[in-house]
Amino acid sequence: MAVAAAAARVWGSSRGLGRVGLLLLRQPGARGLARSRQQQHFSSLDDKPQFPGASAEFIDRLEFIQPNVISGIPIYRVMDRQGQIINPSEDPHLPQEKVLKFYKTMTLLNTMDRILYESQRQGRISFYMTNYGEEGTHVGSAAALDNTDLVFGQYREAAARGPGYGILSIRVDGNDVFAVYNATKEARRRAVAENQPFLIEAMTYRIGHHSTSDDSSAYRSVDEVNYWDKQDHPISRLRHYLQSCGWWGDEQEKAWRKQSRKKVMEAFEQAERKLKPSPNLLFSDVYQEMPTQLRKQQESLARHLQTYGEHYPLDHFEK
């Protein structure tokens, strides 16, 4: 039975707001009904969603929006910012080993980001895009899929578009790895059973610069970035949960951070020792038969390197 899943990469708006879409398709099955909505009202401003541009409420029950809904789309979450489960019926009840794997994967990604960002600044790599603040969306969605599922990257698919295309949709708190996991798991299950697509939008915040070519301080304040980094980070939220369960502590954190950095550095240094791919690969593996214009470019590069090759580190590349 074929499976197709389209997952959107997090994107940052001019203020750093991130949104992720996940579209799941499978055959065959029958239609079902979405679960009824249960919104939660909060007395404190701190408990309300603070995502720029999103005027909505958190909800603590997993719910897909019917196509005829035209009001604001609520944001589904499982944990609050302190890592406490809000509605016990939405607790995924994952075993300790799996939750620890979530946390270690998220923090390993964070460590890799820091090392590769610094490496680009040192001139060791040419370009990099970080995942700061987006770790929960990546890990939560991937963990809910099977190894045999097909995932196609897609950009900028907001939940508000779903009803217009007749697609059941949901907006989730992308800083809550359990909310992302629950939504993706349920969407996949229903896509398999009902043979229809589901759209998931994960609301998050890109804490890092858009890339190593970007300076986000030009369009957002340091205070805004610090709020998301210190007050509502997906890694710190999951760490609060682990600590409240007695599954993680300061000594484990210190040891793992050291181990994860060592792991990334060893892999990076091993990669640096390998020869870079042959420049000829710039022209191959795209067309079955190379177009005339592309062949001319390849010949031009060959002539250039033959004349000025001494000025290039060609010994660092495969022949």
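Since every read-out is calculated from the coordinates, none of them should be taken as a lab result. Since we're looking at a predicted model, the values are computed, not measured. Positions of Cβ are generated from backbone atoms using ideal geometry, with glycine treated the same way; all protein chains shown enter the neighbour counts.
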Under a crude label model (7 Å from the Cα following the beta-carbon direction), how far is Val222 from Ser300 in nanometres?
4.6 nm
Within the range 197-292, trypsin sites (Lys or Arg not before Pro) in DSSP loop having at most 14 other beta-carbon neighbours inside 10 Å
Lys274
So Asp315 and Thr148, fully extended at 0.36 nm per residue minus their Cα-Cα distance, gain in nm 56.1 nm
Just want to confirm a number: the relative contact order over the range 147-204, from Cα pairs under 8 angstrom separated by 6+ residues, in percent.
41 percent
Just check the range 92-176 against the gyration tensor rule for me: Cα atoms, a ≥ b ≥ c as the square roots of the eigenvalues, rounded for a/c under 1.5, and otherwise prolate or oblate depending on whether a/b exceeds b/c.
oblate
Residue span Asp91 to Asp47: 0.36 nm per residue of separation minus Cα-Cα distance leaves a gain in nm of 14.0 nm
Simple SL model, points at 7 angstrom along Cα→Cβ for Ser236 and Val286; separation in nm is 4.5 nm
Scan around Gly133 for amide H atoms under 5 Å from its own, H built in the peptide plane at 1.01 Å from N, and keep only partners 5 or more places away or cross-chain.
Ile207
Summed residue charge, Cβ within 10 Å of Leu238's Cβ, Lys/Arg positive, Asp/Glu negative:
0
The range 273-319 to the range 111-153: how many Å between their Cα centroids?
29 Å
What distance in nm separates the two pseudo spin-label positions at Glu118 and Ala158, each 7 Å out from Cα along the beta-carbon direction?
3.8 nm
Residues Asn68 and Asn195, FRET efficiency given R0 of 30 Å [Cβ-Cβ distance, rounded to 0.05]
0.90
